[in-house]
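Enquirer: Handing you this structure, nothing more for now.
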Amino acid sequence: MPLQIAVIGPGTCSLDEAEAAEQAGRCIAREGAILICGGLYGVMEAACRGAREESGTTVGIIPGTFGENPHLSVTIRSGLGHARNAVLIQSADAVVAIGGKQGTLSEIALALKTGLAVAGYRTWEIPGIIRCNTPKEAVREACSAAAQYRWCRTRQGPGGSP
């Protein structure tokens with residue numbers, strides 16, 4: 001089963017953030033991982049566009065029932081509003097954060113609280129985030145952490161113990 005890498009960032013982003021997200025999306029697809037995101041615009045759309053350019057699979061968990069970006073392979077219309085952030089993070093094996101505002105901050109907090117690795121490129125300065133100098137490095141770090149996370153999870157019994 002392919003790794004699932006969440007890309008998080010602002011729905012309204014700068015050109016630099018969009019270019020970084022698009023590069024991250026391409027890298028995720030080249031790794032053979034599935035890109036999951038909030039399914040809307042800005043960083044999410046740019047990451048999906050990059051992944052689709054490399055024939056990657058993209059999944060968007062949107063907060064409502066319409067308004068998804070055009071580069072999604074699969075759209076999950078959650079109707080959950082901001083609570084969809086929890087579904088997004090729980091669906092990921094690791095997270096790449098690019099830029100970000102308050103919504104991104106909430107996703108980072110959920111990821112760190114649940115033990116997921118967060119590789120960040122020009123994002124919030126929070127202890128626990130793996131600081132990366134390029135989007136490619138962020139994807140590499142996230143994929144490495146995701147593989148470890150997946151390996152550990154498959155070796156736990158139903159009660160969470162080995």
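Enquirer: Restricting attention to the stretch 30-51, report how many residues are surrounded by 24 or more Cβ atoms within 10 Å (Cβ to Cβ), more than 20 Å from D16 (Cβ to Cβ) and hydrophobic (A, V, I, L, M, F, W, C).
Expert: 1
Enquirer: Now a separate question. How many of the residues making up the stretch 96-120 are of a type in the set (D, E, K, R), closer than 27 Å to L15 by Cβ and assigned to a helix (DSSP H, G or I)?
Expert: Of the residues in the stretch 96-120, the ones of a type in the set (D, E, K, R) are 101, 107, 113.
From what's left, closer than 27 Å to L15 by Cβ: 101, 107.
Narrowing further to those that are assigned to a helix (DSSP H, G or I): 107.
The total comes to 1.
Enquirer: Take T75 and tell me if it is at pLDDT 95 or above, more than 18 Å from A145 (Cβ to Cβ) and out of contact with any Gly (no Cβ under 7 Å at 6 or more places or on another chain).
Expert: no
Enquirer: Also, I was wondering about something else. Given the criterion under 22 Å from E17 (Cα atoms), surrounded by 14 or more Cβ atoms within 10 Å (Cβ to Cβ) and either among the acidic types (D, E) or under 15 Å from the mean Cα position of the chain (by Cα) (or both), identify the matching residue among A86, A109.
Expert: A109
Enquirer: Still on this model: Within the stretch 93-117, count every residue that is within 28 Å of F66 (Cα to Cα), among the aliphatic types (A, V, I, L, M) and touching a helix residue (DSSP H, G or I) at 6+ places or on another chain (Cβ under 7 Å).
Expert: Here is the first cut: in the stretch 93-117, the ones within 28 Å of F66 (Cα to Cα) are 93-111.
After this cut, where a residue has to be among the aliphatic types (A, V, I, L, M) as well, the list is 94-98, 105, 108-111.
Remaining after also requiring touching a helix residue (DSSP H, G or I) at 6+ places or on another chain (Cβ under 7 Å): 94-98, 110-111.
Number satisfying all stated conditions: 7.
Enquirer: Which ones in the stretch 1-56 are among the β-branched types (V, I, T) and more than 30 Å from T154 (Cα to Cα)?
Expert: Initial filter on the stretch 1-56 (among the β-branched types (V, I, T)): 5, 7-8, 12, 28, 34, 36, 43.
Within the stretch 1-56, T12, V43 qualify.
Enquirer: Given the conditions (1) without any contact (Cβ under 8 Å) to a residue 24 or more places away in the chain; (2) within 19 Å of G25 (Cβ to Cβ); (3) not in a loop (DSSP other than H, G, I, E, B), report the number of the one that C152 does not fulfil.
Expert: Of the numbered conditions (1) without any contact (Cβ under 8 Å) to a residue 24 or more places away in the chain; (2) within 19 Å of G25 (Cβ to Cβ); (3) not in a loop (DSSP other than H, G, I, E, B), the odd one out for C152 is (2).
Enquirer: Please determine whether any residue of the stretch 127-139 is out of contact with any Gly (no Cβ under 6 Å at 6 or more places or on another chain), more than 20 Å from E17 (Cα to Cα), crowded, with 24+ Cβ neighbours inside 10 Å and modelled with pLDDT of 95 or more.
Expert: No: zero hits.
Enquirer: Kindly indicate the residue of the stretch 89-106 that is closer than 13 Å to V43 by Cα and not basic (K, R) and also surrounded by the fewest Cβ atoms within 10 Å (Cβ to Cβ) among those meeting that condition.
Expert: Restricting attention to the stretch 89-106, the residues satisfying the condition of being closer than 13 Å to V43 by Cα are 96-101, 103-104.
The next check asks that each one be not basic (K, R); those that pass are 96-100, 103-104.
Working: V96: 35, A97: 29, I98: 32, G99: 23, G100: 21, G103: 17, T104: 23.
That would be G103.
Enquirer: Ok, one more. Could you list all residues from the stretch 112-126 that are more than 17 Å from A21 (Cβ to Cβ) and among the hydroxyl-bearing types (S, T, Y)?
Expert: The one that is more than 17 Å from A21 (Cβ to Cβ) and among the hydroxyl-bearing types (S, T, Y): T114.
The values are calculated or read from the model by the stated rules, or taken from the named source; none is laboratory data. All of these numbers come straight from a predicted model, not from anything done at the bench. So basically every Cβ, Gly included, is an ideal-geometry build from the backbone, and we count neighbours across all protein chains shown.
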